[in-house]
Amino acid sequence: MDPKTLFSGMALAFGAYASFAISDAFSKLLAGQLNPFEVAFSGGVFGFLILPFLRKPHESYLDIFRPQQRAMWVLRAFCVFLATAASVEAFMLLPMPEALSLMFLMPLFVTILSVVLLKEKVTAWAWLAVVLGFVGVLIVLRPGVRALHLGHLCALVAAFANAGSVIAYRLASKETVRLSLFGSSLIGPLIGNALLMGLHATWPPTVSSWVYLFGYGFLAALGQLLMMLATARAPANRVALPQYSQMVWGVVLSYVVFHQPLDSWTFVGIIVLTFSGMLNWVRQRIRYERMALKERLERQKAKKAAKLAAKQASKQAAAASKP
């Protein structure tokens with residue numbers, strides 16, 4: 001795979017996780033005001049605003065419901081629904097760094113699923129980084145020392161569902177109609193969360209509630225769009241790695257917006273999580289530079305071989321033209 005394409009995929013993934021983090025902050029601002037499933041439902045509603053920018057001139061909006069790979073469409077829809085519902089509940093119940101720490105098990109799930117389902121090669125260094133990330137999560141949560149509750153379970157479910165979404169996007173990389181590929185991330189939350197919120201939905205009480213709903217829904221959908229584009233350019237286990245940048249957003253937003261400072265153990269856990277992400281980033285940068293160098297050498301060899309073949313051909317032609 002072209003190194004530039006891989007880097008563009010990683011950059012898009014960074015943008016996706018930034019959108020997710022800010023979106024999560026908006027959902028936390030709605031805690032106690034609206035049903036969490038109603039908030040997650042808005043992710044599908046306001047996400048439709050992105051469709052005009054995604055749709056190509058020859059495509060129809062009905063293509064959202066006409067995927068070429070129906071099984072992957074349904075899988076993506078279910079995973080995104082489950083991830084949105086669980087993550088909104090988790091962020092309403094937990095501090096942002098704590099919820100994000102548990103959701104950082106996603107790279108572990110993606111790595112395992114990419115090996116089992118996609119047959120992608122994962123190096124020992126990648127496994128080491130994933131294990132370090134898991135250790136960081138354990139330091140933050142300290143199971144056995146502190147009580148775990150529904151919020152932690154929801155964060156864990158969101159991590160696994162997001163991993164399933166990344167794998168589903170990768171399996172459906174041959175889907176040619178982007179509206180179909182993106183549509184499942186809207187329809188899933190719409191249908192699933194509409195059923196869950198049922199009769200408990202209420203009208204947003206204030207203008208700020210509407211602003212928070214829009215911020216959550218639009219940015220969540222934007223993150224899904226960027227993730228879709230990222231997985232089309234890079235392997236699934238690479239796209240999962242920039243998730244560690246989301247922790248920076250979570251810590252800053254938690255402190256500035258919600259005035260929730262970090263305790264010492266949480267800080268240590270975040271340092272371990274960040275180190276695991278940086279380890280993978282450095283390892284991949286070295287690998288991509290080697291790939292680029294190898295490609296340049298191969299091109300140079302091909303040029304030399306072509307020149308040599310041209311010289312030989314000219315010599316043969318000259319010899320054949322002699323009487």
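The values are calculated or read from the model by the stated rules, or taken from the named source; none is laboratory data. For clarity, every value in this text was computed on a predicted model and none was experimentally measured. Using ideal geometry, Cβ is built from the backbone for each residue, glycine included, and neighbour counts are taken over all protein chains shown.
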Residue under question is residue 176, and the condition is that it be modelled with pLDDT under 85, more than 16 Å from residue 88 (Cβ to Cβ) and surrounded by fewer than 19 Cβ atoms within 10 Å (Cβ to Cβ); does it hold?
yes
Total residues in region 213-247, condition hydroxyl-bearing (Ser, Thr, Tyr) and surrounded by fewer than 22 Cβ atoms within 10 Å (Cβ to Cβ)
1
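For (1) outside any helix (DSSP H, G or I); (2) touching a Gly at 6+ places or on another chain (Cβ under 9 Å), each residue gets a yes or a no:
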{"site": "43", "(1), (2)": "no, yes"}
{"site": "57", "(1), (2)": "yes, no"}
{"site": "64", "(1), (2)": "no, yes"}
{"site": "79", "(1), (2)": "no, yes"}
{"site": "82", "(1), (2)": "no, yes"}
{"site": "86", "(1), (2)": "no, no"}
{"site": "121", "(1), (2)": "yes, no"}
Where residues in region 176-231 are among the aromatic types (Phe, Trp, Tyr) and in contact with a helix residue (DSSP H, G or I) (Cβ under 7 Å, 6 or more places away or on another chain), which of them is farthest from residue 5 (Cα to Cα)?
212
Only residues that are free of Cβ contacts under 8 Å to residues at least 24 places away in the same chain and either within 21 Å of the chain's Cα centre (by Cα) or under 18 Å from residue 191 (Cα atoms) (or both): list them for region 43-72, please.
53, 62, 70, 71
